[in-house]
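Student: Please find one structure pasted underneath; my questions will follow.
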Amino acid sequence: MIKDILVSLRVADVGDDVAGDYAVSAAAALDAHLTGVAVSYEIDVPPVYTEAFSTDFIEAQRAEGQRLARFSVERFGEAARSLGLTGEVRMIDGTPGGAAEQIGVMARLYDLTIVNQADPNRLGPEDVVTEAVLFDSGRPVLVVPRTQQKPFSAKRIMVAWDGGRTSARAVAEARALLGHAHLVEAVVVDSGKPLKKKGVDLPGADLARHLARHDKSVELRTLVPERGESIADVLLKEVAERDIDIVVMGGYGHSRLREFVLGGVTRDMLERMTVPLFLAH
């Protein structure tokens, strides 16, 4: 069961915190404890450039970071109280990279971490936080799109299945959510390449048998891209046509020397997602 949720709060005084609001609705629906983490961001000044910045400038930046963190906490508290929840808050200090690493470690002791989708038009830490949780925590991350308006729902779930290790990990981590679903659809995109698990006659049939033993029936669908369509195109079209609430998929990529490198499909889905994306690595 999902009983302990962490949400990375959006630190800004303009715009909504869709992940914070979504996490509050998820905690209410799942009867889970909710912790919001807010970061007081500091500027990352390489030692060689330290003398180029005055002490007053650095202190002003630190004070602004603290102000924005307090604002995000207040906004989170209001959202929690609106649904009768008492959300716990943790505040941390650091540069974007350092704070993301702290959140990734923190997430190890939560059932699920919820984060905001990165905004390509606004520089922010969301990308690196998502990747830190995905690669460092060993736990799943649920990314909420910037356009999300609906509260949490897990009635219609799509599993993007390719038979690989990370897909299997995502399904295992998402089993608590699958238990709430009225529809679980396993989608295999026939890209002309063999599934990562060889010897499968009907793609997804082994997944359906596995989940059936957990009292969950699965609708199998094999989708063939039209000319020029990417795998993300196919998945997002299916999401729209079937009114999907959450997409479950493996988060591909690797972490090398503290630099995160995401796979192409994962990156495409994170950039273009239209519903919350549940990832595990």
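The values are calculated or read from the model by the stated rules, or taken from the named source; none is laboratory data. All values derive from a computational prediction rather than experimental measurement. What goes into the accessible areas is simple: the full protein's heavy atoms, side chains included, and nothing from ligands, DNA or RNA. Shrake-Rupley method; radii C 1.70, N 1.55, O 1.52, S 1.80 Å.
Student: Students often get this wrong, so try it: which of (i) 24; (ii) 41; (iii) 20 is percent of Cα pairs over 33 Å apart as calculated from the structure shown?
Tutor: Correct label, based on the coordinates given: (i).
Student: Sequence-distant or interchain residues sharing an amide H contact under 5 Å with Arg90, placed H: which?
Tutor: Gly36, Val37, Ala38
Student: Now for a separate question. Residue separation times 0.36 nm, minus the C-alpha to C-alpha distance between Leu109 and Glu271: what's the value?
Tutor: Between Leu109 and Glu271, full extension yields an extra 55.6 nm.
Student: Relative contact order of region 4-144: what whole-number percent is it, with Cα pairs under 8 angstrom and at least 6 residues apart?
Tutor: Here the relative contact order equals 30 percent.
Student: A further question on this structure: Taking all protein chains together and a probe of 1.4 Å, list Ser167, Ser217 from the most accessible to the least accessible.
Tutor: Most to least solvent-accessible, the answer reads Ser217, Ser167.
Student: Would you work out the relative contact order for the chain, in percent, from Cα pairs under 8 angstrom that are 6 or more residues apart?
Tutor: Once normalised by length, the contact order is 19 percent.
Student: Give, in nm to one decimal, the length gained when the segment between Val14 and Glu88 is fully stretched (0.36 nm per residue of separation minus the Cα-Cα distance).
Tutor: 24.4 nm
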